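What follows draws every value from the coordinates through simple rules; no lab data is involved. All values reported here derive from a predicted model rather than from experimental measurement. All Cβ positions, even for glycine, are placed from backbone atoms using ideal geometry, and neighbour counts span all protein chains on display.
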Amino acid sequence: MKVERLSFIVTPEEKVEDFLKADDGIWTKWLQQRPGFISKRCIRYPSGRVEMMIHWRSKLDQAHAAHHPEHLIVDATFRNTVGPIFSLLYSD
């Protein structure tokens with residue numbers, strides 16, 4: 001199993017709920033269609049930081065999803081939906 005970890009900061013902090021709703025409706029929905037996707041967990045901190053752990057069957061499944069042709073379209077859709085309220089702090 002491969003666990004992909006992502007860390008974001010959302011500003012202003014009041015926009016975290018908007019960020020999480022958009023993420024669930026766009027990213028999680030797309031990930032659920034990818035082979036090898038197992039689950040996704042989000043942790044919200046009072047500071048506006050959001051940690052995500054995406055569980056994959058294997059590192060290869062994660063890599064296939066990351067290089068899928070739709071990945072860039074999904075990312076652009078998400079960014080256009082939430083606007084400039086977040087920064088990616090960490091990704092592995």
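Side notes on the structure shown:
- Filtered residues of region 1-20 (kept if within 27 Å of His64 (Cβ to Cβ) and not β-branched (Val, Ile, Thr)): Met1, Lys2, Glu4, Arg5, Leu6, Ser7, Phe8, Phe19, Leu20
- The residues of region 43-85 that are within 23 Å of Val10 (Cα to Cα), touching a residue at least 40 places away in the same chain (Cβ under 8 Å) and of a type in the set (A, V, I, L, M, F, W, C), listed by number, are Val50, Met52, Met53, Ile54, Val74, Phe78, Val82, Ile85.
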